[in-house]
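Shown next, in structure tokens, is the structure this report addresses.
Here, each number is a calculation from the coordinates, and none is a lab measurement. Here the structure is a predicted model, which is why all the values come from computation and not from measurement. Don't worry about glycine lacking a Cβ; one is built from the backbone with ideal geometry, like all the others, and counts go over all protein chains shown.
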Amino acid sequence: MIEVTAIPAFRDNYIWALSNEHGEVVVVDPGEAQPVAEHIDQRGQRLVGILVTHHHPDHVGGVTALASRGDVPVWGPARERVPGRTVALTEGDQVTIEALDGLTLDVLDVPGHTAGHIAFYGGGMLLAGDALFAGGCGRLFEGTPAQMRASLAKLRELPPETQLYCGHEYTQANLTFAMAVEPDNEALRERYDRVAEWRAEGRYTLPSTLATELATNPFLRWDQPAVQANAATHAGNAASSPDDVFAIVRSWKDSF
């Protein structure tokens, strides 16, 4: 049985720790080494691997120090520079972690936030990095709206019960924006209220599920009439294609 635990880092990052009952652990996107080392040492665990989704410092800053704790493989995107990477990955590859009961993760190319961003899917989990957030998606630092929409289209085809683990606690801010895009979405209003309560109590809002995202995340809802209409109103012109709708919503969020 794999347990997934959030290790907070920086102001709002999550480093995800995947562990088994024997104390073996793999971490995802360790931007800082210290909180990971403290988490592992306090529990008497042993680091057996590092998964990396993209090259941004807040996701890779702790890789080198953590990998030096032993013979620790570092799996990361082939098209990006990742410090200490030992296995370069691209779509179609799989990662099998024997120490975690043979957990197998499929690698998906999801460019947009960065040019070579990847995600890991398996065991009912989507380790999305900064491609897909709860209620949002990553900024387009290196990709185009069309690239990001294609990446998210790929992710929204995964089973709806998939558990979403992303890189930041942005959910409340994302849903505030989502309410501007779809103010009449009842599922979104209910989620917004629920998340507001959780954050007031200091609770994490992750993991989410893909089903929840499909119902409430405007960046996965470019084909919904309300999103299309409100995007066109915001832009002052008709959005003629899914890429146009997505581009308007992404630009809207950037200036929100």
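Give me the percent of DSSP beta bridges within the range 48-146 that run antiparallel, rounded to the nearest 5.
Numbers: 13 of 18 bridges.
Taking every DSSP beta bridge within the range 48-146, about 70 percent pair in antiparallel fashion.
Give, in nm to one decimal, the length gained when the segment between ASP106 and GLN224 is fully stretched (0.36 nm per residue of separation minus the Cα-Cα distance).
Result: 39.6 nm gained on full extension.
Working out 0.36 nm times the residue gap between THR176 and THR5, then minus their Cα-Cα distance, what length gain in nm do you get to one decimal?
58.9 nm is the gain from fully extending THR176 to THR5.
What is the distance in Å between the Cα centroid of the range 1-79 and that of the range 96-160?
Value for the Cα centre distance between the two parts: 18 Å.
Just want the ordering: MET148, MET1, MET179, from fewest to most Cβ atoms lying within 10 Å of their own Cβ.
In increasing order of surrounding Cβ atoms, one gets MET1, MET179, MET148.
With an 8 Å cut-off on Cα pairs and a minimum separation of 6 or more residues, tell me the relative contact order of the range 1-93 in percent.
This gives 21 percent for the range 1-93.
For the range 147-256, which trypsin sites (Lys or Arg not before Pro) pass both filters: DSSP loop (anything but H, G, I, E, B) and at most 12 other C-beta atoms within 10 Å? Write down the numbers at each step before the final one.
Details: sites: ARG149, LYS154, ARG156, ARG189, ARG191, ARG194, ARG199, ARG203, ARG221, ARG250, LYS253; in loops: ARG156, ARG203, ARG221.
Sparse-neighbourhood loop trypsin sites (Lys or Arg not before Pro): ARG203.
Take the alpha carbon gyration tensor of the chain, find the square roots of its eigenvalues, order them as a ≥ b ≥ c, and report rounded if a/c is under 1.5; if not, report prolate when a/b exceeds b/c, else oblate.
It comes out prolate by the Cα gyration axes.
With +1 on each Lys and Arg Cβ and -1 on each Asp and Glu Cβ, and nothing else charged, work out how big the dipole of the range 47-206 is about its Cα centre, in Debye to the nearest 20.
380 debye
Using Stokes-Einstein with the Kirkwood hydrodynamic radius over Cα pairs, what translational diffusion coefficient do you get for the range 130-207 at 25 °C and a viscosity of 0.890 mPa s, in µm²/s rounded to a whole number?
Using the Kirkwood radius from Cα pairs, D works out to 180 µm²/s.
Based on the mean of other Cβ atoms within 10 Å per residue, sort peptides 18-30, 84-96 so the most packed one is first. Write down the numbers at each step before the final one.
Working: 18-30: 21.2, 84-96: 15.0.
My ranking of the peptides, most packed first, is 18-30, 84-96.
In debye, nearest 20: dipole of the range 33-96 around its Cα centre with unit charges on the Cβ of K, R (+) and D, E (-)?
Values: 6 positive and 7 negative charges, 23 e Å.
Taking the Cα centre of the range 33-96 as origin, the dipole is about 100 debye.
What nm distance separates the two modelled labels at ALA238 and ASP12, each placed 7 Å from Cα along Cα→Cβ?
About 3.7 nm separates the two model spin labels.
Only Cα pairs under 8 Å and at least 6 apart count here; give the relative contact order of the chain as a rounded whole percent.
Value for the chain: 13 percent.
Which value in Å does the Kirkwood hydrodynamic radius of the range 40-85 take, with 1/r averaged over all unlike C-alpha pairs and then inverted?
11.1 Å
Give me the percent relative contact order of the range 131-252, please, defined on Cα pairs under 8 angstrom at least 6 residues apart.
After rounding, I find 33 percent.
In terms of the Cα gyration tensor, with a ≥ b ≥ c the square roots of its eigenvalues, is the range 61-110 rounded because a/c is under 1.5, prolate because a/b exceeds b/c, or oblate?
Oblate shape, in that a/c is at least 1.5 and b/c is the bigger or equal ratio.
Answer rounded, prolate or oblate for the range 111-155, using the Cα gyration tensor with square roots of eigenvalues a ≥ b ≥ c: rounded when a/c is under 1.5, else prolate when a/b is larger than b/c, else oblate.
In terms of gyration-tensor shape, prolate.
Relative to the first principal axis of the alpha-carbon coordinates of the chain, what is the inclination of helix 171-181, with its axis defined by its Cα atoms, in degrees from 0 to 90 and to the nearest 10?
That helix lies at roughly 20 degrees to the long axis.
Using Cα atoms only, what is the angle between the long axis of helix 145-155 and the major principal axis of the chain, expressed in degrees (0 to 90) to the nearest 10?
60 degrees
Looking at the chain only, what percent of DSSP beta bridges run antiparallel? Nearest 5 please.
Restricted to the chain, the bridges split so that about 65 percent are antiparallel.
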